[in-house]
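Asks: Structure below; questions to follow.
The values are calculated or read from the model by the stated rules, or taken from the named source; none is laboratory data. These numbers come from a predicted model, not from an experiment. Every residue, glycine as well, gets a Cβ built from its backbone with ideal geometry; the counts of neighbours run over all protein chains shown. Only protein heavy atoms, including side chains, enter the accessible area calculation; ligands, DNA and RNA are left aside. Shrake-Rupley method; radii C 1.70, N 1.55, O 1.52, S 1.80 Å.
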Amino acid sequence: MGRRKKRSVFNVDGVMDFFNNVMMEKPYLPLLIPLVLMLWALEKWIFSLSNWVPLVLAVWVTVQHRNYQHRMAVEDLNKKWKRFALSSSAETPLEHCEWLNKLLIEIWSNYINPKLSLRFQSIVEKRLKRNKSRLIEKLELLEFSLGSSPPWLGLQGTRWSTFGDQQVMHLGFDWDTTDISIMLLAKVAKPFFGTAKIVINSLRIKGDLLLMPILDGKAILYSFVSTPEVRISIAFGSGGSQSLPATELPGVSSWLVKLLTDTLAKTMVEPRRQCFSLSAVDLRKKAVGGIVYVTVISGKKLSRSSLKGSPSRRQPSSGVDGLREHSDDKDLQTFVEVELGELTRRTNVRPGSSPRWDSTFNMILHDNTGIVRFHLFEHTPGRMMYDYLASCEIKMRYNTDDSTTFWAIGPDSSVIARHSEFCGKAVEMVLPFEGVNVGELAVKLVIKEWQFSDGSLSFNNLRVSSQSSLNGSSNFLSRTGRRIIVKVVEGKDLITKDKSGKCNPYVKLQYGKVLQKTKTAHSSNPKWEQSFEFDEIGDGEYLKIKCYTEEVFGDDSIGSAHISLEGLVEGSPRDVWIPLEKVNSGELRIQIEAVRIDDYEGSRGSSYSGNGWIELVLIEAKDLVAADLRGTSDPYVRVQYGNLKRRTKVMYKTLNPKWHQTLEFPDNGSSLELHVKDHNAVLPTSSIGDCVVEYQGLPPNQMADKWIPLQGVKRGEIHVQVTRKVPELEKKPSVNPDTSLTKAHQISSQMKQMMIKLQSLIDNGNLEGISTPLSELEALQDIQDEYMVQLETEQMLLLNKIKELGQEMLNSSPSLSRNSFGS
């Protein structure tokens with residue numbers, strides 16, 4: 001055997017730990033050490049006073065080392081006592097639970113699998129859209145089913161233990177299934193091309209599960225003790241072709257495994273817990289959103305050194321920053337940022353270790369669940385950046401008995417749970433900050449209302465429903481059966497980005513492909529009082545709201561929001577204050593109403609029966625994008641109305657064209673779409689924006705003058721006038737046959753002349769001069785098309801008038817009616 005190495009006299013790691021601990025506990029030490037060394041040098045080399053300096057230094061180091069050892073011993077004893085208390089807590093022996101797995105098999109296929117599949121499908125879709133692989137450009141979920149094989153629970157038995165006042169059930173979780181059916185359609189990014197189907201055909205999740213009954217058995221919290229083992233088997237295919245090996249798209253299988261593992265770790269691994277409600281009553285209501293008031297009351301025991309000094313929060317800092325961190329907490333200035341989805345709000349800054357904010361915020365839920373996060377920041381005067389200190393969160397869920405459950409992580413990973421039996425009941429909670437041993441935050445939450453898919457609302461211990469059916473089904477109509485009227489009433493507390501404090505806000509509304517815009521106000525608390533109409537789309541389409549402020553060098557965004565229009569009921573307008581997302585302040589008051597198209601047109605005095613024409617005047621456009629290298633465009637408008645297509649003349653080298661051109665279409669209820677194009681003689685035309693003109697809600701024979709923002713581009717608006725013409729033949733000038741023939745001959749002769757001119761240019765090789773005759777020929781073609789539409793409209797009106805006159809004759813002549821019936 002070789003000679004054993006001599007043990008080192010000094011333990012380097014122990015010395016470093018001791019030194020670091022002394023530095024944290026004695027922040028003045030960096031100043032004291034140079035002073036002591038300087039005195040010692042004076043005493044040693046300049047003149048000798050005494051030997052007290054080394055003696056005092058040795059005594060001080062000895063005392064500090066003893067205090068350090070005592071503190072380490074206390075912490076170690078506390079850890080051992082905590083482990084002993086947990087291990088010696090009341091614990092039941094292992095119990096076999098074959099009965100539980102047999103019961104799960106019986107109810108899995110018909111009850112649990114459909115509900116879990118529907119619930120997890122929406123979660124998976126959101127996760128896949130937010131966390132796409134680099135090889136995948138677009139991902140769509142085609143099919144989702146958990147199969148007929150349930151997971152196995154407690155194969156090694158189950159046991160109960162006590163953690164403080166909380167009863168905890170321990171059991172194993174093993175789900176190994178091969179009949180799962182999850183199919184994804186992926187648009188593959190470069191260097192691959194095309195689409196591919198990703199089929200997840202087997203899944204394995206294995207871990208230890210904890211179940212915690214809360215609120216006297218009204219709900220159960222469940223989570224994994226640690227990150228479970230996850231395995232996924234996938235196959236690739238294209239259409240009906242044979243499945244390809246997984247190596248065809250490298251990295252996709254590992255990406256899916258990582259995505260599922262990270263999702264479980266962030267949502268279902270201790271101390272993160274999910275909640276399952278055990279409601280005694282099921283009202284069969286699907287909550288689709290709600291309004292919650294969040295009040296940040298106060299903080300307690302906030303310490304800069306403890307919050308920043310924790311291992312999870314510590315950031316690299318200089319010696320000066322270290323001294324500042326350990327200074328007196330009386331000068332600590334903090335604020336809290338409240339986060340719910342994309343919506344964030346901030347409290348005011350308050351000083352001290354026990355600040356009181358008492359700030360209430362109006363927050364919007366877009367589902368039946370939500371997580372309210374509270375982030376604590378330190379504000380240092382004179383600095384632009386804020387120092388992050390700590391966080392905590394509260395989860396909430398709507399229950400089927402119309403109550404709401406709130407739960408959060410308590411001290412030492414315990415459980416804090418509250419129950420609100422009805423809307424309007426305040427729930428107060430004191431939350432410890434996560435990852436630190438000090439600091440508490442007192443908050444209050446009030447669910448103002450829950451919104452349901454059938455249009456009913458639940459608030460203040462009452463459920464209000466208008467025209468809801470007896471069987472609870474929705475009054476939701478088809479996409480052509482109703483119209484949505486949105487009124488932008490006012491705003492308040494909008495942010496100002498101008499240094500002078502001026503705010504010139506306006507609002508853009510988008511529903512489907514239709515984009516509308518309010519006028520520009522000149523206040524941070526504006527009043528618009530403008531109404532807009534949209535044809536109802538359905539399919540979960542949101543109304544998207546964007547608020548801007550007009551500036552000299554470009555408009556700035558000052559917030560956005562989206563509203564679910566699911567469950568709107570005729571005769572029950574919705575009046576809500578919508579908080580703006582991605583900003584610290586600002587709300588908009590929106591009134592929304594759903595009306596039937598027939599009732600709506602009747603209330604506006606329309607006697608129109610469906611025969612008539614649409615008159616569209618394309619006046620001008622402004623601030624178009626430049627499509628050419630020279631910084632200009634050659635814009636024209638292509639109008640599509642159902643299967644009919646028309647176009648305006650081309651305006652060359654301008655970003656602010658003026659057409660002043662009138663087009664007419666027979667009114668058949670089709671969508672009226674405008675596509676602004678850049679004209680090119682040789683190359684294909686390029687799009688510089690498009691929009692949809694809403695005309696269905698217009699009163700008959702009344703003109704609407706609109707500036708419509710263009711979609712698909714950064715800027716640009718088009719000015720149009722649209723009128724729904726009523727088929728009144730006596731007021732519509734008829735086409736003179738002689739004039740009609742003359743006009744037709746003129747168009748034909750002009751087109752022949754242009755063709756001759758175009759042929760001569762081609763024969764002479766003058767390719768540069770071809771663009772002008774081509775444009776004139778296209779304009780003549782459009783004139784001819786317009787004339788044909790006019791003739792068709794006149795023909796239709798004449799036939800309708802003949803039918804009406806024939807019906808009047810039959811009604812006025814009884815003898816004719818009897819003869820017609822007798823024959």
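Asks: What number of residues within the stretch 571-592 are touching an Asp or Glu at 6+ places or on another chain (Cβ under 8 Å) and either open to solvent by 50 Å² or more (accessible area, probe 1.4 Å) or without any contact (Cβ under 8 Å) to a residue 12 or more places away in the chain (or both)?
Replies: 5
Asks: Which of the residues spanning the stretch 719-730 are assigned to a loop (DSSP other than H, G, I, E, B) and among the β-branched types (Val, Ile, Thr)?
Replies: Across the stretch 719-730, the qualifying residue is only Val726.
Asks: What are the residues in the stretch 122-166 that are open to solvent by 60 Å² or more (accessible area, probe 1.4 Å), of a type outside the set (A, V, I, L, M), touching a Leu at 6+ places or on another chain (Cβ under 6 Å) and touching a residue at least 40 places away in the same chain (Cβ under 8 Å), if any?
Replies: Asn131, Glu140, Arg159
Asks: Out of the residues in the stretch 50-96 that are at pLDDT 75 or above, open to solvent by 70 Å² or more (accessible area, probe 1.4 Å) and in contact with a Lys or Arg (Cβ under 8 Å, 6 or more places away or on another chain), which is farthest from Leu155 (Cα to Cα)?
Replies: Among those residues, the one meeting the criterion is Pro93.
Asks: Among the strands (runs of 3 or more DSSP E) confined wholly to the stretch 398-504, which include 1 or more residues that are open to solvent by less than 20 Å² (accessible area, probe 1.4 Å) and at pLDDT 85 or above? Spell out the reasoning first.
Replies: Working: elements: 404-409, 415-420, 426-432, 440-452, 457-459, 462-464, 482-492.
Of the strands (runs of 3 or more DSSP E) lying wholly inside the stretch 398-504, those with at least 1 residues that are open to solvent by less than 20 Å² (accessible area, probe 1.4 Å) and at pLDDT 85 or above span 404-409, 415-420, 426-432, 440-452, 482-492.
Asks: Let me confirm something: among Val336, Val372, which residue is in contact with a His (Cβ under 8 Å, 6 or more places away or on another chain) and assigned to a strand (DSSP E or B)? Give the derivation first.
Replies: Values: Val372 fails: in contact with a His (Cβ under 8 Å, 6 or more places away or on another chain).
Among Val336, Val372, only Val336 is in contact with a His (Cβ under 8 Å, 6 or more places away or on another chain) and assigned to a strand (DSSP E or B).
Asks: Name the strands (runs of 3 or more DSSP E) wholly within the stretch 614-718 that hold at least 1 residues that are closer than 21 Å to Thr518 by Cβ and modelled with pLDDT of 90 or more?
Replies: Counting at least 1 such residues, we get 672-678.
Asks: Hey, another quick one. Inside the stretch 345-363, can you point out the residues that are open to solvent by 30 Å² or more (accessible area, probe 1.4 Å), farther than 17 Å from Lys300 by Cβ and not in a loop (DSSP other than H, G, I, E, B)?
Replies: Arg346, Thr360, listed by residue number.
Asks: Residues being at negative phi and assigned to a strand (DSSP E or B): count how many of those fall in the stretch 505-548. Working first, answer last.
Replies: Step one: of the stretch 505-548, the residues at negative phi are 505-511, 513-528, 530-537, 541-548.
If we keep only those that are assigned to a strand (DSSP E or B) too, we end up with 505-511, 514-517, 527-528, 530-535, 542-548.
Count: 26.
Asks: Please specify each residue of the stretch 630-660 satisfying the condition of being more than 16 Å from Trp613 (Cα to Cα), touching a Leu at 6+ places or on another chain (Cβ under 7 Å) and crowded, with 16+ Cβ neighbours inside 10 Å.
Replies: Those that are more than 16 Å from Trp613 (Cα to Cα), touching a Leu at 6+ places or on another chain (Cβ under 7 Å) and crowded, with 16+ Cβ neighbours inside 10 Å: Ser633, Pro635, Val637, Thr648, Leu655, Trp659.
Asks: From the residues in the stretch 372-396 that are among the charged types (D, E, K, R) and under 25 Å from the mean Cα position of the chain (by Cα), which one is farthest from Phe335 (Cα to Cα)?
Replies: That would be Lys395.
Asks: While we're here: Would a scan of the stretch 549-560 turn up a residue that is within 29 Å of Gly697 (Cα to Cα), open to solvent by 50 Å² or more (accessible area, probe 1.4 Å) and assigned to a strand (DSSP E or B)?
Replies: No, the stretch 549-560 contains no residue that is within 29 Å of Gly697 (Cα to Cα), open to solvent by 50 Å² or more (accessible area, probe 1.4 Å) and assigned to a strand (DSSP E or B).
Asks: Another one. Can you say whether Phe144 is touching a Ser or Thr at 6+ places or on another chain (Cβ under 7 Å) and within 25 Å of Asn101 (Cα to Cα), as far as the supplied structure shows?
Replies: Judged against the criteria, Phe144 is a match.
Asks: Of all residues in the stretch 514-548 being surrounded by fewer than 16 Cβ atoms within 10 Å (Cβ to Cβ), over 21 Å from the mean Cα position of the chain (by Cα) and not polar (S, T, N, Q), which is nearest to Asp705 (Cα to Cα)?
Replies: Among those that are surrounded by fewer than 16 Cβ atoms within 10 Å (Cβ to Cβ), over 21 Å from the mean Cα position of the chain (by Cα) and not polar (S, T, N, Q), it is Lys519.
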